[in-house]
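As C-alpha cells, the structure follows; a few thoughts come after it.
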Amino acid sequence: MRIASILYPLVLLILSQVASARSPESTLLLGTIQFPQNIQTMPDVPVIFRASPIATQVDKTNHTITFSIFREPTQFNFGFLIAEPQSIEPVYLTSKYQVEPTNLVAYQRIKSGHAYRYFTLTLIPEIQKSGADRKVTYSWRWRESTLPAKRKIPDDALIVHTAPEWIESLYAGTGFNFPTIRMCENMGTEQMRRKRLEKIALAGLDTKPFQGTAQAPNTKLVGTTLVIAPAQRVS
C-alpha cells in the first residue's frame, strides 16, 4: 500500500508530461448538474470559479444545467464545493503593523458550523497503444472529502451555490466531461424549494462585491479538439 501511494503520483506526473506535450493549448472541461425528472420548475444554480460566476445553460427538457471552464495543460486536480452563499465568509488580510481595517481578502472559508459538501477530483491521463500509435485518453477519480484547515476554500475550487443536502453524489465522468453532479429525487415540495432558493438568491447578492462578471469564453475548434482561451474578468 505504501509503495502504491508513492508510485501513483510519480506515474501521474509522467503521464501528465506526455499529455501536456500532446495538448499544448487549454482545453474545455464540461460540467453537468442533473435534476430529477419530477422537478416542475428548474432552479437557477450559480456556479463560481476563481471568484467569477460562470455562464450556465439550462436544459428544461433534460432537466440539466451545464457549464464549462478552461483547463491548463498541467492542471489535473480540481474541487467541487457545494455550499449556500450565506455559509461562506471572507477572511481579510491582517498584519501586526495594521492600524486600520483592510478590505483586502486573503481567502474565503466556510463559516463554523455551516453545512457543505466537498469533492476532490483528479483527471487521469492514460496511454492507449494501438500498434505503433499511442493515444492519450482521460478518466476521472473522485472522492468526497473535507476542506483543509480553517475550512479554507481552495482558490481553484468550483463553488456550486445550492443546498448541500440536495446533492445525492457524483457519478460517471469521462474524457473532458466532469463527473455529473446528481441532485436528490426528494428535494421537498415546490413551495419549500422556492423559499430555499429565494434565501440562496438573496444571500448571493452579498457575495457580488467579491465576484467579477460572467464572461463567455473564447473557443475554437482545432481538428476534433475544442480549445478555449481564458475569458477576461470584468470587475
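Starting from the 7 Å offset along Cα-to-Cβ, what nm value, one decimal, do you get for the label separation of K152 and L205?
Placing both labels 7 Å along Cα→Cβ, they lie 3.3 nm apart.
On full extension of the chain, what length is gained from Q86 through K60, given 0.36 nm per residue of separation minus the C-alpha to C-alpha distance?
Values: separation 26, 0.36 × 26 = 9.36 nm, distance 2.71 nm.
6.6 nm is the gain from fully extending Q86 to K60.
Provide the packing ranking of 160-171, 143-154, i.e. peptides ordered by the mean count of other C-beta atoms within 10 Å per residue, highest first.
Top to bottom by mean Cβ count within 10 Å: 160-171, 143-154.
Please tell me the relative contact order of the stretch 67-181 in percent, rounded to the nearest whole number, where contacts are Cα pairs under 8 Å and at least six residues apart.
Relative contact order here is 30 percent.
Once you have a ≥ b ≥ c as the square roots of the Cα gyration tensor eigenvalues for the stretch 18-210, tell me rounded if a/c is under 1.5, and otherwise prolate or oblate according to whether a/b is larger than b/c.
Working: a/c = 2.23, a/b = 1.21, b/c = 1.84.
Because a/c hits 1.5 or more and a/b fails to exceed b/c, the stretch 18-210 counts as oblate.
Relative contact order of the stretch 18-210: what whole-number percent is it, with Cα pairs under 8 angstrom and at least 6 residues apart?
26
For the ranges 45-53, 122-130, what's the packing order if you count other beta-carbon atoms within 10 Å of each residue, average per peptide, and put the highest first?
Working: 45-53: 19.1, 122-130: 13.4.
Result, highest mean first: 45-53, 122-130.
Since every read-out is calculated from the coordinates, none of them should be taken as a lab result. Note that the coordinates shown come from a computational prediction; the quantities given were computed from them, not determined experimentally. In this analysis, Cβ positions are derived from the backbone assuming ideal geometry, glycine residues included, and neighbour counts consider all displayed protein chains.
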